[in-house]
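Taking it in order: structure first as structure tokens, then the write-up.
The values are calculated or read from the model by the stated rules, or taken from the named source; none is laboratory data. In this text the structure is predicted, and so the values were computed from the model without any measurement. Cβ: placed from backbone, ideal geometry, glycine included. Neighbour counts: every protein chain shown. These accessible areas exclude ligands, DNA and RNA; they are computed on the full protein's heavy atoms, side chains included. Shrake-Rupley method; radii C 1.70, N 1.55, O 1.52, S 1.80 Å.
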Amino acid sequence: MKIARFSHQDTLRYGIVDDVELVVLAGDPLFAGFETTGERIPLSEVTLLAPVIPRSKVVCIGKNYHDHAAEMGGEAPAEPLMFLKPNTSVIGPDDVIVRPTALSSRTDYEGEVAVVIGRIAKNVPAERALDYVFGYTVANDVTARDLQKSDGQWTRAKGFDTFCPVGPVIETDLDTDAAIITTRVNGEVRQNGPMTDMIHSVPDLIAYASSVFTLLPGDLILTGTPAGIGPFVAGDTVEVEVTGIGVLRNTVRDA
């Protein structure tokens with residue numbers, strides 16, 4: 001099932017994607033379930049928004065694909081390498097990524113799968129972790145690469161406004177064994193890797209993160225990026241596609 005958060009006639013709404021239509025939901029399905037209103041709206045008449053705005057946090061995992069860990073230098077971490085993005089970094093499909101050119105000279109894409117947490121989770125064992133997943137969406141962990149290197153920690157490099165595009169929808173039944181992440185810049189493929197190449201699995205990441213802090217409904221876990229990271233510039237169009245979810249597309253401009 002694909003869930004969309006959208007704007008229609010200046011009103012925020014939620015719906016189930018049914019081919020070229022949206023079956024309108026009575027409220028936010030994270031909290032109100034899947035009760036429908038009976039209304040259907042053509043997709044062509046709505047503006048898709050970020051399918052979720054985390055009320056709490058965006059948890060990100062670094063170097064979680066062997067090839068990407070190698071291209072970043074050093075060994076793959078034995079435990080998940082975890083950092084946070086603020087929820088103010090989140091934007092949706094077709095929103096503009098703004099490069100902070102007064103502070104950074106290089107901005108990179110990192111295509112990822114994001115897990116959407118559906119229930120309060122604390123100290124969740126890996127064998128029960130998927131019970132806490134609402135669904136999955138596409139993410140781009142935008143990074144000011146020069147600041148990541150110069151700062152020695154990643155908060156500033158990863159946390160600028162617009163640095164966490166997500167969307168276009170939440171897929172509640174993703175086959176993670178078949179999902180492939182593909183990133184394109186101006187139509188040219190830059191990344192292409194299956195989720196099965198992840199070092200730490202989705203259940204393990206949820207267990208690890210929930211051992212540190214409580215995960216709340218709507219929190220996101222960005223699960224890492226495959227090899228092929230690289231820069232983009234103003235005027236570019238960056239697309240991240242995940243098999244079974246869809247294409248997250250954003251244009252780029254300088255601040």
The range 2-48, dipole about Cα centre (Lys/Arg Cβ +1, Asp/Glu Cβ -1), debye to the nearest 20 = 120 debye
Place +1 on the Cβ of every Lys and Arg and -1 on the Cβ of every Asp and Glu in the range 163-212, take the dipole about the Cα centre, and give the residue among THR196, ILE206, VAL185 whose Cα lies farthest towards its positive end.
-> VAL185
Compare the Cα positions of ALA32, PRO86, SER7 along the charge dipole of the range 1-102 (+1 at Cβ of Lys, Arg; -1 at Cβ of Asp, Glu; about the Cα centre) and return the one farthest towards the positive end.
-> PRO86
Eight or more residues apart or on different chains, and alpha-carbon atoms under 14 Å: count the Lys pairs in the chain matching that.
-> 4
Once LYS122 and ASP146 are pulled to full extension, the length gained, defined as 0.36 nm per residue separation minus their Cα-Cα distance, is 5.2 nm
Could you point to the residue in PRO100, ALA129, SER56 farthest towards the positive end of the range 35-170's charge dipole, with +1 and -1 charges on the Cβ of Lys/Arg and Asp/Glu respectively?
-> SER56
What residues qualify as long-range amide H neighbours of TYR109, i.e. H under 5 Å apart, gap of 5 or more or another chain, H built at 1.01 Å from N?
-> GLY230, PHE232
State the label only: which of (1) 0.95; (2) 1.06; (3) 0.93 corresponds to Rg/Rh (Cα atoms, Kirkwood Rh) computed from the shown model?
-> (1)
Using +1 on the beta carbon of Lys and Arg, -1 on that of Asp and Glu, and nothing else charged, what's the dipole of the range 58-254 about the Cα centre, debye to 20?
-> 580 debye
Relative contact order for the chain: what is it in percent, counting Cα pairs under 8 Å that are at least 6 residues apart?
-> 26 percent
Rounding to the nearest 20 debye, state how big the charge dipole of the range 125-237 is about its Cα centre with +1 on each Lys and Arg Cβ and -1 on each Asp and Glu Cβ.
-> 440 debye
Regression test value, accessible area per residue of the chain, probe 1.4 Å, units Å², expected 42 Å²
Using Cα pairs under 8 angstrom and six or more residues apart, how large is the relative contact order of the range 143-211, in percent?
-> 18 percent
